[in-house]
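Read-outs: derived from the displayed coordinates by stated rules, not from any lab. Computed from a prediction, not measured in an experiment: that's the story for all the values here. We place every Cβ from the backbone using ideal geometry, glycine too, and count neighbours over all the protein chains shown.
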């Protein structure tokens with residue numbers, strides 16, 4: 001299989017931190033330099049932000065190699081919905097990689113994910129090492145570790161870290177991604193479940209290492225309760241034969 005003509009980097013954006021555009025451009029220019037011969041394309045999905053996105057930021061993004069395709073959603077739909085909107089908007093050939101607007105993962109991890117797509121894998125799943133939890137608030141640590149235990153021991157998923165924010169896929173994988181239905185955080189889990197059903201897929205699991213400057217936001221417990229319902233929704237879907 002020939003390498004993808006381009007890799008589309010799809011990034012959801014909701015009330016980003018101050019200075020996000022400059023960091024994004026700096027990191028993406030460096031990423032393109034590390035991938036000679038591969039054209040990177042950029043899709044930014046503004047998920048109904050109410051602050052920190054202005055005309056200056058959009059002008060700054062014109063410095064991205066090849067420019068940027070900008071999508072504005074009228075209201076906050078959630079990360080899963082924003083990413084599906086970005087992936088569905090791409091009509092040209094190529095593979096996809098998605099991550100967060102602050103690009104929290106080290107450059108080497110992003111390059112490794114892109115290289116896997118270039119080599120022809122269908123799906124790339126980032127996996128955070130156990131030392132990731134040394135930098136996480138204790139409540140988030142307990143919830144994350146419990147969640148991963150359920151995925152590994154109860155549901156027998158091929159990977160326990162479904163929520164890692166670095167994933168990629170080719171056109172075959174994109175059809176599975178667009179078949180997800182959850183709009184917010186657990187869309188990742190739903191996607192991994194769909195991938196795990198397909199024994200014919202070439203799946204690569206890479207070590208996703210967090211960048212030193214990453215800061216964690218507070219956990220919204222109302223969202224946590226709502227996502228517990230989505231967790232049950234994924235479980236029920238997993239029990240059905242489709």
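Odds and ends about this structure:
- P(r) histogram, all alpha-carbon pairs of the range 1-110 included - 5 Å bins from 0, percent: 2, 12, 24, 25, 21, 11, 4, 1, 0
- Full extension of the chain between residue 34 and residue 197 gives 55.3 nm of extra length, using 0.36 nm per residue less the Cα-Cα distance.
- Spin-label proximity, residue 231 to the range 184-200 - amide N less than 15 Å from point 7 Å beyond Cα toward beta carbon: 185-190
- Note on residue 22 and residue 93: their simple-model spin labels are 4.0 nm apart, each label 7 Å out from Cα toward Cβ.
- Ranking of 14, 105 by neighbouring Cβ atoms within 10 Å, starting from the fewest: 14, 105.
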